[in-house]
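J.: Submitted below is the structure of interest, expressed as structure tokens.
Values in this text are rule-based calculations from the coordinates and carry no lab data. All values reported here derive from a predicted model rather than from experimental measurement. For neighbour counting, all protein chains shown are included, and Cβ atoms are generated from backbone atoms with ideal geometry for every residue, glycine included.
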């Protein structure tokens with residue numbers, strides 16, 4: 001991976017084209033999961049439309065994997081050139097006013113590149129990245145290294161509240177980024193809603209952190225401009241989370257993510273077993 005990360009993007013994308021054929025037609029990586037998810041999410045689409053999304057998805061996921069490897073050695077300047085940030089003024093103003101914000105991040109486009117937002121933040125402000133440890137310790141260490149390269153502060157999921165309180169007491173201004181569309185464990189299956197035509201459970205940890213700290217909440221509206229280029233709009237969900245009803249912020253995330261996916265469906269992680277939990281199985 002360290003050697004691959006030395007290659008320029010043009011060569012990485014040539015490798016990605018070969019990897020696409022291998023992943024889709026030889027290995028057939030989670031092909032049944034992808035097709036089932038697409039069929040259930042878009043019952044109104046024809047077989048050809050679903051096949052087109054599937055093809056684009058496999059191209060995207062191969063690009064994503066190699067772009068992630070490239071993060072091992074990419075320079076901060078090149079990352080900033082390839083990642084564009086919109087609505088920066090309101091984003092920065094909320095950090096200044098409240099001492100921190102919560103960022104709702106989906107598995108969409110190249111969401112990992114958001115770590116470059118240190119380029120637009122004030123010196124001393126800390127991007128806090130909440131993560132769930134991977135079973136493979138080597139991959140886990142690699143991802144932590146990547147996410148910390150440009151000033152990111154890695155926090156284990158179950159230590160989030162403690163670390164956030166600690167940083168604020170130390171006088172640090174923070175951005176708490178959480179991947180919010182993961183399939184939760186049974187013990188975390190609190191909020192159910194209809195998402196992409198299916199009964200779906202969401203983790204509500206981001207909402208609870210926002211209310212605990214009185215942090216404004218932003219949604220990451222991601223867009224893959226082209227290969228190797230991405231942009232994000234920091235879209236304000238609420239400035240006053242404590243005034244929202246229980247589940248309101250989580251519901252708003254689900255609605256906004258659904259709009260993002262319907263706009264360009266190929267760039268979401270369809271290979272995830274997103275709907276493995278069923279409401280009737282949860283006590």
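J.: Given springs between every Cα pair under 10 Å in a Gaussian network model of the chain, which of 87, 136, 154 has the largest fluctuation?
T.: Comparing 87, 136, 154 in the GNM, the peak value goes to 136.
J.: What ranking do 195-202, 60-67, 101-108 get when scored by the average of other Cβ atoms within 10 Å per residue, highest first?
T.: Packing proxy ranking, top to bottom: 101-108, 60-67, 195-202.
J.: Report, in whole Å, the centroid distance computed from the Cα atoms of segment 106-171 and segment 1-45.
T.: 26
J.: Pick the calculated Cα extents along the principal axes in Å for this structure from [x] 62, 50, 33; [y] 53, 48, 35; [z] 160, 40, 38?
T.: Correct label is [y].
J.: Within the chain, what percent of beta bridges assigned by DSSP are antiparallel, to the nearest 5?
T.: 40
J.: Compute the length gained on full extension between residue 2 and residue 89: take 0.36 nm times their separation in residues and subtract their Cα-Cα distance, giving the result in nm to one decimal.
T.: 27.7 nm
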